[in-house]
Amino acid sequence: MSIAADVLAGNRLALSRLLTQVENDTPEGRQALNTLFAHTGQAHLIGITGAPGTGKSSLANQLARHYRQSTLRVAVVAVDPSSPFSGGAVLGDRIRMRELSGDPGVFIRSMASRGSLGGLAQSTAGVVQVFDAAGFDIILIETVGAGQAEVDIARLAHTTLVVEAPGLGDDIQAIKAGILEIADILVINKADRLGVEQTERALKNMLRLAHPIPHVFLHHGKLERVTAAQSPIEATQPAIWIPPVQRTIATQDEGIQQLAAAIAKHKQYLLDSGDWQHRDRARLQAEFESRIQTALVNRWRAAVNDSQFEQTLTQLISRQISPEQAVKKLLNGNAS
Ligand SMILES: Nc1nc2c(ncn2[C@@H]2O[C@H](COP(=O)(O)OP(=O)(O)O)[C@@H](O)[C@H]2O)c(=O)[nH]1
Ligand SMILES: [Mg+2]
């Protein structure tokens, strides 16, 4: 039996082995992904992103516990290299995840931090596909909301939680990378701490800037929704999603139920509005196009001879031809 067939049959050891193959981008891993791809597209992918220490791992743990109460199978993919769930030994994570570790309905995977972040985005996508094909209903993807690569990883998700915590300084840390634009739900974790109100106020102000909301208007200084009766034209347009702000205390299991309800509501919104398919299409199209680009460049580069390449490069460096002309020359054989 192939490793893909073993994974589809629910073999945990095969799953673990395949995840390693996919992370290492081996030929066996690639082949299995090709086979498994037809079985993907079922899971709800939930990104959890935010600055280190805001409580992303703790939230992932509590959400996993929550979903296990309803028998949904949950995978957790931790892409935060500074805080692996296992192996790399951040003790807190291990203790928190231990209670889940004997549960066959939960699988926790820490991505190895080797390789570039761009490569990490690609191998994370592969790992998520494996879990999806293996029949996990919910896949939680934890990333540190820092740079573009992490934003790319977050884009994998259907629903992205951006996690904040009070008292991380006056600036709202995770907002810097434009991460607010990818937030479907804002979570203020550590709501037991001082400064929750300020954090919530700051977030809501930023939200208003990031999401100009046509359905909501200021009425005597108060936010009000435009109802269908007031605006028949708007009523025919698909509803828009206004990211809610949810408070949680992950360490005390507070607000998790409400957070899960907001996540379920977002999923329903995605399905009703057609955004679920739209996001799926956009993601696959982007992957398709980027793979075509890579493949074409590699194929072309293998066909062009080195002396021709060097000659053109020399002409470019001595300013005889421009970069655009250099490309044309190599592709068409002349610089015009
Ligand atoms: N007071 C408080 N501490 C929390 C809460 N959630 C997480 N923590 C603690 O914050 C620290 C960082 O949490 P962790 O989940 O590892 O954050 P991550 O780096 O975002 O994954 C740990 O010591 C947690 O126990 C919370 O709601 N309240
Ligand atoms: Mg963490």
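The values are calculated or read from the model by the stated rules, or taken from the named source; none is laboratory data. Since this is a predicted model, take the numbers as computed values, not measurements. Please note: Cβ atoms are built from the backbone with ideal geometry, for glycine as well, and neighbour counts cover all protein chains shown. We work out accessible area using only protein heavy atoms, side chains counted, and drop any ligands, DNA or RNA first. Shrake-Rupley method; radii C 1.70, N 1.55, O 1.52, S 1.80 Å.
Couple of notes before you dig in:
- For the stretch 291-336, trypsin sites (Lys or Arg not before Pro) are listed when DSSP marks them as loop and at most 12 other Cβ atoms sit within 10 Å of their Cβ; the list is R319.
- Most to least accessible of Y67, Y269 (protein chains only, probe 1.4 Å): Y269, Y67
- Ranked by solvent-accessible area (1.4 Å probe, protein heavy atoms only, all chains present), the residues F107, F309 order from largest to smallest as F309, F107.
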